[in-house]
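Read-outs throughout are calculated quantities, based only on the coordinates presented, and are distinct from any laboratory measurement. Just so you know, these numbers come straight off a predicted model, no measurement behind them. Neighbour counts are summed over all protein chains in view; Cβ atoms, including those assigned to glycine, are modelled from backbone coordinates with ideal geometry.
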Amino acid sequence: MNFDSYETNGFYDELFAADAIPRQPMSALIEQINGLTKTKLKRHQKAAELALFQQGITFSVYGDKKGTEKIFPFDLIPRVITGQEWQQLEKGLIQRVEALNLFVADIYGKQQILKDKIIPAELILQSECYLKQCIGLQPPKNRWIHITGSDLVRDREGRFYVLEDNLRCPSGVSYLLENRMILKRTFPDLFQAMNVRPVSNYCDTLYDALCYLAPDHSRTPNLVLLTPGIYNSAYYEHAYLAQQMGITLAQGSDLVVIDHHVMLRTTKGFEKVDVIYRRIDDDFLDPKTFRKDSCLGVEGIMECLRRGNVALANAPGTGIADDKAVYAYVPDIIKYYLDQDPIIPNVQTYGCHDKKKKDYVLANLDSLVVKAVNQSGGYGMLIGPHSTRSERDDFAKKIKASPRNYIAQPTLSLSRSPTIIGDAIEGRHVDMRPYILYGESISVIPGGLTRVALKKDSLVVNSSQGGGSKDTWVLDN
Amino acid sequence: MLSRVANSIYWMSRYLERANNVSRFVEVNLHLILDMNLSRKQMQWEPLVITSGDNEDFLKRYHYADEKNVVRFLTFDEKNPNSITSCILLARENARTVRESIPSELWETINELYHLVKKNSRKRKLNDLQSFYGAMNQYGNLMTGVYQDTFSHSEAWHFSQVGMMLERADKTARMLDVKYFLLLPSAESTNTPYDTVEWSAVLKSASAFEMYRKQYHSINCHNVANFLLFDPHFPRAIKYCINTAARSLQSIIDLLNIEVRAKDEMLKLQEMLSKTNIEQILNNGLHEFIDIFQLNINVLDRAIYESFFIK
């Protein structure tokens, strides 16, 4: 298989500067793939899929009684980012996370940013993501956001934007690590030839970041990863991360609160827990504080947190900073807390809570992307240029009924990356989710989960909507 | 370690062992049938169902114990909780909930085995299944190696050993019980070639044929029963299983430094085997002995649950 007939079709392409002209640092990759026969490349693809299947990195096909399991689609051709590009991204992401952490602390503390009228107070106080239960909370080391996965996209000119921030236990990092493992087997000689930066220390950095939060440093902290259990779609990742860090993978029923300390039920008796990397939503965390019907959480855990007897990563309440309506204010947030201009820009966003903007959105539905503020996974979205008349009418009704719940953005012409489609290589739209950890300091893993919309011309990369993933190579040059 | 995790590892290991035993029983029987005359063939399948302990469920749904029905019931019937399919499914579900506590190699082997079973469950012809039972056997041996060499021999591993060995002792006992009951009264076939063939099959069902031969050379029911009950060295003999389980239980108790009732129950089981011999047992009734033995395994299982798994 080769790139002879590959076309960029006027989009920004991650590997090609123009038709038949690879970007300079990527030429080794292009040459290698050009040198592979179709059979060989297909065999590599099969081997990769089999490896994922055997490791059980699968999901059950919904509604299939035979229990058929499938792997998430994975494309062998990596997406490559140069060293210079990465340097800027890294700085920008660190800046963003630092500001957002200060913002969350302020919102549940003095609310200075609201008093100074940088953000309309009602936008925050009426948000579903603003948790009154967190007012006055002082999490260890004043860290709220420990693990972030912000979604980045590029436009037609190749400029990076932050599309959204995910501050509520973002998932996907295990795919990043597994994808890398597979590509190391597929293209072993390219890693040295191209100077690809390693990602393998992610779990060590995560472990250190979690340990840093421990209330008591006189002994090795007892860390736990709290999972909703095997039926959760990200269960594989929970088990994987716990295993890689060598920490306990617990379900809510394994934990109990005794004298305001969180305890594990072990074969020996109760054992005190210091830090919980929780992968369950705020709502389900503590039936005493949040949803009463939650069986996934631990009763009384919020009081332990309040007393400083346990640390939670991420802290509850961080959702207020990734509410899509608040997103529009992130540049102001960065300016306010750090007195800096944002290094990575936001995508132009029209929050419909503002009447003028709402009117603009309603008049331009056919060219905009409309999103519900509190949904993810590609749900609750209207992509104007690809929509039908009745879909637009439907969204117009929804926006008029609850303007606060909708934002709109111009339809970006996302960059594309070469992808194996059947027997050919074609361009497909991609985004990228880098992972940022905040322990003692902030660090970004040099790589990311590149998601690719496998359907021709589709702009939706979510796995629930026919998306796949790619390994992401950050070069050291 | 977490009580829930210990419980899952214990059951994961029991289910794996159970699947393996069922597979071996069926495979041996398929071979045995070929050496039988017609009238014996008819009665050769029902004991397998009786050994599994699910006779009632079987008769309700299948009515008649012929080859086709029994093989299906024991191998791929998902409604039978002790079929190979069900056991592997349960082993995998348990393994999934403790994925972070067991070596990846073990999880991946169980996962592969699961997909092997799924793939074969579409086959309908018995002759196509021969290779499947062979593969089951190989996976069983592979699993033992993975357990042995990729898993730290500490608390979690010891729970797996207790589970595996108790299950194995139970299955060897059941098999001996049923076969003895079935073969003994057939006076007309005593000392005929059939007799030897059938007792050989009993040994093969426990992978014990060659090791038995080295010790006793000729095959008779007294020695076969003695070997499967009391041999201290053969890994599927009941005495070996119970002693191994007892050592692992003791290791757990030492590691945790606690007093538990499970220890007393284990001692009872060991004494049952040490305070008697094959002559006494055959005189008083093998079936009666095995009945009490199995009852004591169940009591021990309950005691382990209460000692470690609910906190």
Within a 10 angstrom radius of each residue's Cβ in B:99-108, how many Cβ atoms of other chains show up on average? Whole number is fine. 5
What does the charge dipole of the range A:350-410 about its Cα centre add up to, to the nearest 20 debye, if the Cβ of each Lys and Arg holds +1 and the Cβ of each Asp and Glu holds -1? 240 debye
Length-normalised contact order of chain B in % [C-alpha pairs under 8 Å, at least 6 apart]: 23 percent
Placing +1 on the Cβ of each Lys and Arg and -1 on the Cβ of each Asp and Glu in the range A:1-118, which of A:S27, A:L52, A:N101 has its Cα farthest towards the positive end of the resulting dipole? A:L52
By the mean-Cβ-within-10 Å protection proxy, highest first, B:233-246, B:202-215 rank as B:233-246, B:202-215
For the range B:153-311, with only Lys/Arg (+1) and Asp/Glu (-1) charged at the beta-carbon, what is the dipole magnitude about the Cα centre, in debye rounded to 20? 320 debye
Between A:S443, A:P410, A:I399, whose Cα lies farthest towards the positive end of the dipole of the range A:392-475 when Lys and Arg beta carbons carry +1 and Asp and Glu beta carbons carry -1, centred on the Cα centre? A:I399
Do any trypsin sites (Lys or Arg not before Pro) in the range A:283-386 lie in a DSSP loop with no more than 16 other beta carbon atoms within 10 Å, and if so, which? A:K288, A:R291, A:K292, A:R307
Fraction of antiparallel bridges per DSSP, chain A only, in percent to nearest 5: 75 percent
Whole-number percent relative contact order across chain A, with pairs defined as alpha carbons under 8 Å at least 6 apart: 23 percent
Evaluate peptide A:267-275: per residue, the Cβ atoms of other protein chains within 10 Å of its Cβ; return the mean as an integer. 4
What is the distance in Å between the Cα centroid of the range B:109-158 and that of the range A:124-193? 39 Å
Pick out which of B:D195, B:D231, B:D128 has the largest mean-square fluctuation in a Gaussian network model of chain B, springs linking Cα atoms closer than 10 Å. B:D128
The range A:42-160, Cα convex hull volume normalised per residue, Å³: 251 Å³
Under a 10 Å cutoff between Cα atoms, tell me which one of B:N141, B:N20, B:N257 has the largest fluctuation in the Gaussian network model of chain B. B:N257
If every Lys and Arg gets +1 and every Asp and Glu gets -1 at its Cβ, then about the Cα centre the protein assembly as shown yields a dipole, in debye to the nearest 20, of 1020 debye
Relative contact order of the range B:153-311, defined on C-alpha pairs under 8 angstrom at six or more residues apart (%): 30 percent
Only bridges whose two residues both fall in the range A:201-360 count here: according to DSSP, what percent of them are antiparallel, nearest 5? 45 percent
